[in-house]
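Asker: My questions will all concern the structure given below.
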Amino acid sequence: MKLRPLLTLTMAAQVVVTAAALLASHAATGTWFGIAQVVALLASGVVAVLLARLCTRAIETAQDKRTAAQLAEQAQASAQMTQAVIKTALDAFIQTDANGIILEWSVQAEALTGWTRKEALGADVVNLLIAEPLRDGFRQRMMRLLPELSDTPIGIRFEATLLHRNGDQILIEASSTALQLGGRTIINNFIKDVTQKRAAEEQLIQAQKMEAVGQLTGGIAHEFNNMLTVITGTIEILADAVKDDPPLATITKLISEAADRGAVLTSSLLSFARKQALQPAEIDVNELLEEVAKLLLATFDKTIEIVSRLDRNVWLAFADRGQLSAALLNLAINARDAMLDGGKLTLTTRNVVFGVREAVAVGAGYAGDYVEIEIADTGTGIPQAILERIFDPFFSTKDVGKGTGLGLSMVFGFVKQSGGGIKVTSEEGRGTIFRIYLPKAETSTLRPAGYDDRKVVGGTETILCVEDDRDVRRYVTVQLEGLGYKVISAANATEALALVAEGTPFDLLFTDIVMAGGVNGRELAEQMVAARPSLRVLFTSGYAYDSLHAQGRATMGAPLLAKPYRKAELARMLRRSLDTAVDAAGDPIPTPYSVQADVEGFLRRQAAEDSGTTRSRK
């Protein structure tokens, strides 16, 4: 029975007993209020007060017990909820006292650090998680933060580098709050691993920096190529005019060689800026590396050992073979220069499959299948202070005159333009490892047919030349007329379209890709080919990458003449464009296969062998 009803019942019983006593006293004495009755009432009152006090105390004691039980239940429920929050939190939870002694260690903390809860409890958090050389500085930092932490209810956030049990470094972000319990300070820390996040941010910053430098570099190279086109072309005309005057002929040769060096420089800049015109195809990287290894064995000092570890099941890569070969040779030469006292150069290939996180970590274009090429040396290594700058153009650690600072920039630009990624790891005194990741080839892609071995000839066709640079346009007009062609020139796409609207006949459109005026050369060609599918098109540019990747279907496969170019290159590309047979829809007409070239080659070799046999007999 509950205490309050019991008290009520007791008081009611006391009233009944008192009334009964009074009635009995009246019946015995014949009076209502005598001494006996007064004594009885006083005694009854005293008993009632005592009963009331006893019941009140019993009620208070019961209420105190009930309140204490409720508080205990609430505290237990709160503790259980707190433990549930800690266990289900995405971040690790570490609780310490003001001296850094660990009081609580969550499952996530075990996963983050490698230390179990049993091993961590009671340990010094600084000794457990901070590298030894940094411990004193970390303790001083924490002691300075402790007063601020105690005065800030919302806590503070900070970053630090922790040491995993296996020795790996972890970059973390901690959210810390302080509580005062029982006269002592308790520090609660929620910790999350931000290593991958910071790596991704650094990759993004590096990519943005390289993109900005690349845009500037590419723009400069484009304008310089326009100037070089005029220089390299006109110097040929001057060379023909002064070939009978040795002093002047020598001067023109010097100018021509200087122009060629300028063309090589702009090519390097465009490679870094990822704006060169590539010819990607399926590549057997093992075969290419074997060729590179043979070349290196023939040229490297014997103190350098070359080891090939090639995966025989490696996929075909999709990239420009010539550019990849140049990139590998560049890296190999850098490795040789880092091993002046000898060492080992290891060439490795393997297949890799990247998820989004892995692709971002190496700077690859997308998640998927890649072919990895690894070039590792045992040289002096690269200092960490300059490791992030090695791909910057014109940055070099070599002595003045021993390097242009463009080698690694070219490698970086080629790999990124190919849709791949590049990663470098190095440690001073222990060598350097470059890893190149190239996209796996999905379908066979044939190289464009080359015309380098054909005799250079001109023609009589009419060519519409569209070029926004006045000097280049004049030079091209002179060169085309010198080759026998009829030339119609236009300064931009608007003028060219106006000529077409007037019905002006021509056989080939020769247009720069990057032009001012809102319509570039690619868009101009698309409009013209849409109206006349059999029209031949030849593109030219010193800065063609972006426009090449924005090409339409109508001009897919049209050849590109990269600036600067010589008269002979211009002539060959024109004949290549004009001599390819096409039908009314603009599609190439397959030519019958002929064995004549093979027969002639066989007869020449046979004749050479017969001549050699005759001389040996004599």
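The values are calculated or read from the model by the stated rules, or taken from the named source; none is laboratory data. Not measured: the values here are computed from a predicted model. Glycine gets a Cβ as well: all are built from the backbone with ideal geometry, and neighbour counts include every protein chain shown.
Asker: Can you find, within the stretch 103-139, the residue that is nearest to the chain's Cα centre (by Cα) among those that are farther than 17 Å from Ala89 by Cβ and among the β-branched types (Val, Ile, Thr)?
Answerer: Restricting to residues being farther than 17 Å from Ala89 by Cβ and among the β-branched types (Val, Ile, Thr), the top hit is Ile130.
Asker: Got a sec? Which of Gly122, Gly167, Gly137 is over 30 Å from Lys563 (Cα atoms), touching a strand residue (DSSP E or B) at 6+ places or on another chain (Cβ under 7 Å), of a type in the set (Gly, Ala, Ser) and modelled with pLDDT of 75 or more?
Answerer: Details: Gly167 fails: touching a strand residue (DSSP E or B) at 6+ places or on another chain (Cβ under 7 Å); Gly137 fails: touching a strand residue (DSSP E or B) at 6+ places or on another chain (Cβ under 7 Å).
Exactly one of Gly122, Gly167, Gly137 is over 30 Å from Lys563 (Cα atoms), touching a strand residue (DSSP E or B) at 6+ places or on another chain (Cβ under 7 Å), of a type in the set (Gly, Ala, Ser) and modelled with pLDDT of 75 or more, namely Gly122.
Matching residues to (1) assigned by TED's automatic domain parsing to the domain that holds Leu570; (2) among the β-branched types (Val, Ile, Thr); (3) surrounded by 17 or more Cβ atoms within 10 Å (Cβ to Cβ); (4) modelled with pLDDT of 75 or more:
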| residue | (1), (2), (3), (4) |
| --- | --- |
| Gly407 | no, no, yes, no |
| Phe412 | no, no, yes, yes |
| Ile422 | no, yes, yes, yes |
| Glu428 | no, no, no, yes |
| Arg435 | no, no, yes, yes |
| Leu446 | no, no, no, no |
| Ala449 | no, no, no, no |
| Arg454 | no, no, no, no |
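Asker: Ok, one more. In the stretch 480-513, what count of residues is obtained for those that are assigned to a loop (DSSP other than H, G, I, E, B) and not aromatic (Phe, Trp, Tyr)? Explain how you work it out, then say what you get.
Answerer: So in the stretch 480-513, the residues assigned to a loop (DSSP other than H, G, I, E, B) come out as 483-485, 491-492, 502-507, 513.
Going one step further and asking which of them are not aromatic (Phe, Trp, Tyr), we end up with 483-484, 491-492, 502-505, 507, 513.
Counting residues in the stretch 480-513 that are assigned to a loop (DSSP other than H, G, I, E, B) and not aromatic (Phe, Trp, Tyr) gives 10.
Asker: Determine whether the stretch 134-157 contains at least one residue that is among the β-branched types (Val, Ile, Thr), free of Cβ contacts under 8 Å to residues at least 60 places away in the same chain and surrounded by fewer than 13 Cβ atoms within 10 Å (Cβ to Cβ).
Answerer: yes
Asker: Here's a follow-up. Which numbered condition in (1) within 30 Å of Pro559 (Cα to Cα); (2) in contact (Cβ under 8 Å) with a residue 24 or more places away in the chain is the only one that Phe354 fails?
Answerer: If we test Phe354 against (1) within 30 Å of Pro559 (Cα to Cα); (2) in contact (Cβ under 8 Å) with a residue 24 or more places away in the chain, just (1) comes out false.
Asker: Which condition number does Ile306 fail, the rest of (1) surrounded by fewer than 20 Cβ atoms within 10 Å (Cβ to Cβ); (2) of a type outside the set (Phe, Trp, Tyr); (3) out of contact with any Gly (no Cβ under 9 Å at 6 or more places or on another chain); (4) assigned to a loop (DSSP other than H, G, I, E, B) being met?
Answerer: The one condition Ile306 does not meet is (4).
Asker: Turning to a different aspect of this structure: Would you mind stating whether Val529 is in a loop (DSSP other than H, G, I, E, B) and at pLDDT 50 or above? Spell out how you get there, then give the answer.
Answerer: Working: in a loop (DSSP other than H, G, I, E, B): no; at pLDDT 50 or above: yes.
No; evaluated as a whole, the condition is false for this residue.
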